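Notes follow the structure.
The values are calculated or read from the model by the stated rules, or taken from the named source; none is laboratory data. Computed from a predicted structure; not experimentally measured. All Cβ positions, even for glycine, are placed from backbone atoms using ideal geometry, and neighbour counts span all protein chains on display. For accessibility, only protein heavy atoms count, side chains too; no ligands or nucleic acids. Shrake-Rupley method; radii C 1.70, N 1.55, O 1.52, S 1.80 Å.
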Amino acid sequence: MRGPTAGESAPLGATVRAGGVNFSVFSKDATQIDLLLFPGEQSTEPDRVITLDPNRNRTYHYWHTFIPDVGPGQVYAYRAHGPFAPERGLRFDADKVLLDPYGVAVDVPAAYDRDAAVRPGDNAATAMKSVVADLSTYDWEGDAPLRRPASETVIYEMHVRGFTRHPSSGVGADRRGTFAGLVDKIPYLEQLGINAVELLPVFQYDPHDAPQGLVNYWGYQPVSFFAPHHAYASRGGALAVIDEFRDMVKALHRAGIEVILDVVFNHTSEGAHDGPTFCYRGLANDFYYILQQDKSRYADYTGCGNTLNGNQSIVRRMILDSLRHWVADMHVDGFRFDLASILARDESGHPRSSPPVLWDVETDPTLAGTKLIAEAWDAAGLYQVGSFIGDSWVEWNGQFRDDVRRFVKGDRGTVRGLAARLLGSPDIYGRHQREAEKSVNFVTSHDGFTLNDLVSYDRKHNEANREDNRDGSNDNLSWNCGIEGPTDDVDVEALRTRQIKNFLTLTLMAAGLPMILMGDEMRRTQFGNNNAYCQDNETSWLDWTLLERNRDVHRFAANLIPYRTRRFAEGTPLTLDEVLEHSMIEWHGVRLHHPDWADDSHSLAVSLKSLRADMRLHAMSNAYCRPLTFELPSCVPAGSESARWRRWIDTALPSPADIGQWRTAPPVTDERYTLQPRSVVVLVSHTGASAPPV
């Protein structure tokens, strides 16, 4: 066996080359780096330890070596020797086995123990290790990211495991809760009509980072920014998950569905000063994290114990390299950045007007055309919705969520807010001359109530999280429709169904980029838990028996979504947002041309006449507890049969009358229309030449 050679500092990570593998890792203040080679996955001790010579195997702050006669599948890790001096921001611990920050695969031993990475002593037997992979050999069969315009996109936010883990999913037991299981349900996604999935974190994370006796389910505790989560593979072996992820992406692309990843570049699972040492802390703690003035403590703008130092050059490079990896090597279509405003903070934690890392992402040519979605706030009060930098970024619009919830709930003073949200929030984005698609419109997400629970609970019920119901938001803007939780009351259930349809209609008809939450289309419940991050059980899993029990809600969503994702009118190149952009818009109340903006108003109507297609929309909303009769505008040309108003949507009607096809929708012959309490109605008018598709 040939011996190690000096190797090269670039690229970082483990790179397969002719005859062996080049290893490179950054550590400025280490006095010695040991490369550990393990005989195989699940090994408890290395069979080779290569101590890197600082004179031969170090260039600047990069430690490197070339190991002949090893290749893909080689399990490896590092030990970093150096000062343990928290007061200087240094936390070296040569007893701890460290992941490669650039490792693209992770071996998680059956005996993995988070606590062992905290306690003094060697943790080789229980630590995660990195695995060498060759990413160049996969056959993509011509696949590439889809690059669909935001104006034609509807996002379905989902959890890989939760989507198919429930026994009712119909997925084989060996594939439930995996990337392969998701592939099995692609026909369902196609039938629903969505064309983008936003996956909750799929980077390797620490499942033990949760209250005692529970597991981390959501995945917002990353330990690697390059490796897919091992537990989402249906096949064993650390490398299998890479190809299974790629198989999923390729299959989704064949179905015309984009893949967007929820990414966490704001903190890691290493936590606060008393947390475990997995990787970054043990290699270059003062580089990777924002530290307080007392360098033994971490700045915490995330609520998770530490904050990644995103505008530090080493971390900036890692973030960019990670994103390039997922686009170039894994073919993903976009990213949703969790707590993205943290990336606007400098190394002291202060917000910057022009954050380097965000401009790096914005202008990187590899990422050109990639969807970039910002959760434009952080846990320390920095709120940037409407002011996030750049031209490529779009933003989760939390104001849309709150204003639509308030209106549908029946709160006072909500009509003006609803009007702005329906038109793409010009009060938020208009001053920056941003198009409507900058607003990602949603009412529910993983964080908070499901749509069913939003209309079924007045307060959170998080007791199962073992935090005495202190966790999760107390301000949910929810209404239980008269009874807390499940009920057999037919009238209450009918009202809840109607409210759900109201939310779906307003979300999918508003200008912007709509997002719906996994299972909302079949009334998935979390039993009132609005922070189910640690519930890897039926609280979080999608119960597919709900599909039959709530067939009317599913049918409503499946009929509504395609009108958003298809071209809006046959024979024209218009999307819904373009129809809104090139339309005459008139606001009304129950009386034509008299919108009621008063605080005690609960009704609103809007007419849109397209200037680029012979079509009109007239939408009316009644959030009042009694019926309201609305005057209708006339259709022009008068007497044209095809130009009559037709009732497309009435959420108060039973299925299948609640939503129909435009061509066959029943005509409205009266000059007035009575909306039942808490309902939304959409009328359409068109000529045969521009009739929307069936």
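A dipole drawn for the chain from +1 and -1 charges on Cβ atoms has a positive end, and of Thr664, Gln191, Phe66 the residue lying farthest that way is Thr664.
Scanning residues 5 or more positions from Tyr205 or on other chains, those with amide H under 5 Å from its amide H are Val223, His230, with H placed 1.01 Å from N in the peptide plane. For the pair Glu467 and Arg663, the difference between a 0.36 nm per residue extended length and the Cα-Cα distance amounts to 65.2 nm.
Projecting the Cα atoms of Gly219, Val259, Tyr624 onto the dipole axis of the chain, where Lys and Arg carry +1 and Asp and Glu carry -1 at the beta carbon, places Tyr624 farthest toward the positive end.
The Stokes-Einstein estimate for the chain, based on a Kirkwood radius over Cα pairs and taken at 37 °C with 0.692 mPa s viscosity, is a diffusion coefficient of 123 µm²/s. For Thr450, the residues whose modelled amide H falls within less than 5 Å of its own, excluding neighbours fewer than 5 places apart on the same chain, are Gln526. Sorting Arg336, Arg646, Arg2 by accessible area puts them as Arg2, Arg646, Arg336; the probe is 1.4 Å, largest comes first, and only protein heavy atoms count. With helices as the sole contributors, the chain gives -5500 deg cm²/dmol at 222 nm; each DSSP H run of n ≥ 4 counts as -39500 (n - 2.57), and the sum is divided by every residue.
If packing is taken as the mean number of other Cβ atoms within 10 Å per residue, what is the order of 489-495, 438-444, highest first?
Details: 489-495: 13.9, 438-444: 25.7.
Ranked from most to least packed, the peptides come out as 438-444, 489-495.
Each part gets one Cα centre, and for segment 448-506 versus segment 317-349 those centres are 34 Å apart.
First measure r as the distance between the Cβ atoms of Arg591 and Ala494, then evaluate 1/(1 + (r/R0)^6) with R0 = 22 Å and state the FRET efficiency to the nearest 0.05. Walk me through the numbers before you get to the answer.
On the way: r = 29 Å, r/R0 = 1.32.
E(calc), rounded to 0.05, equals 0.15.
In the complete set of protein chains, residue-level accessible area for Arg466 is approximately 140 Å², probe 1.4 angstrom.
Along the axis of the charge dipole computed for the chain (Cβ charges of +1 for Lys and Arg, -1 for Asp and Glu, origin at the Cα centre), the listed residues Tyr288, Val682, Phe23 are led at the positive end by Val682. Coupling constants for segment 531-548 follow from the phi torsions by the Karplus curve (6.51 cos²θ - 1.76 cosθ + 1.60, θ = phi - 60°), and in residue order they are 8, 7, 5, 10, 10, 8, 7, 5, 4, 9, 5, 6, 7, 6, 5, 5, 4, 6 Hz; glycine and proline get x. Summarising the amide proton neighbourhood of Gly424: residues at separation of 5 or more, or on other chains, whose placed amide H is nearer than 5 Å comprise Ala511.
Compute the accessible area per residue over segment 1-52, keeping the other protein chains in place, probe 1.4 Å, unit Å². Display every interim value, and only then the final one.
On the way: 2300 Å² over 52 residues.
Normalised by residue count, the accessible surface of segment 1-52 is 44 Å².
Work out, step by step, the length gained on full extension between Asp670 and Asp402: first 0.36 nm times the residue separation, then minus their alpha carbon distance; give nm to one decimal. The partial results should precede the final answer.
Working: separation 268, 0.36 × 268 = 96.48 nm, distance 3.48 nm.
Taking 0.36 nm per residue and subtracting the Cα distance, the gain is 93.0 nm.
The Cβ shell under 13 Å around Glu244 holds other residues with a net charge of 0, Lys and Arg each +1, Asp and Glu each -1. To put it simply, the accessible area of segment 311-373 at a 1.4 Å probe is 46 percent carbon and sulfur. Averaging Cα coordinates gives a centre for segment 185-208 and one for segment 111-149; these two points are 19 Å apart. If you average the C-alpha positions of segment 241-258 and of segment 3-51 separately, how far apart do those two centres end up, in angstrom? First find each Cα centre; the distance between them is then 31 Å.
Grab the other residues whose beta carbon is less than 15 angstrom from that of Leu367, score K and R as +1, D and E as -1, and report the net.
Details: positive: Arg147, Arg316, Arg317, Arg324, Arg336, Lys371; negative: Glu258, Asp321, Asp329, Asp333, Asp360, Glu362, Asp364, Asp391.
Around Leu367, the charge tally is -2.
Nothing charged except the Cβ atoms of Lys and Arg (+1) and of Asp and Glu (-1): what's the magnitude of the dipole of segment 97-175 about its Cα centre? Round to the nearest 20 debye. Once rounded to the nearest 20, the dipole reads 320 debye. Phi angles of segment 91-100 translate, via the Karplus equation with coefficients 6.51, -1.76, 1.60 and θ = phi - 60°, into HN-Hα couplings of 9, 5, 8, 5, 7, 8, 7, 10, 5, 6 Hz per residue; Gly and Pro are given as x.
Each other residue within a Cβ distance under 14 Å of Ala133 adds +1 if Lys or Arg and -1 if Asp or Glu, for a net charge of -4. Here the accessible area is traced with a 1.4 Å probe on the protein chains. For segment 1-114, carbon and sulfur cover 51 percent of it.
A 22 angstrom limit on the alpha carbon distance is what I want to check against. Which of Lys371/Lys460; Lys371/Lys501; Lys371/Lys409; Lys28/Lys295 exceed it?
Values: Lys371/Lys460 33 Å; Lys371/Lys501 28 Å; Lys371/Lys409 32 Å; Lys28/Lys295 17 Å.
The answer is Lys371/Lys460; Lys371/Lys501; Lys371/Lys409.
Once a ≥ b ≥ c are taken as the square roots of the eigenvalues of the Cα gyration tensor of segment 63-213, is the result rounded (a/c under 1.5), prolate (a/b larger than b/c) or oblate (a/b not larger than b/c)? Verdict is prolate for segment 63-213. Backbone geometry of segment 276-287 corresponds, through the Karplus equation with coefficients 6.51, -1.76 and 1.60 at θ = phi - 60°, to 3J(HN,Hα) couplings of x, 10, 9, 6, 5, 4, x, 9, 7, 3, 6, 8 Hz, x marking Gly and Pro.
The ratio of the alpha-carbon radius of gyration of segment 1-155 to the globular-protein estimate 2.2 N^0.38 Å is 1.21.
One decimal place: the segment Ala85-Ile483 gains 137.6 nm when fully extended, by the rule 0.36 nm per residue minus the C-alpha distance.
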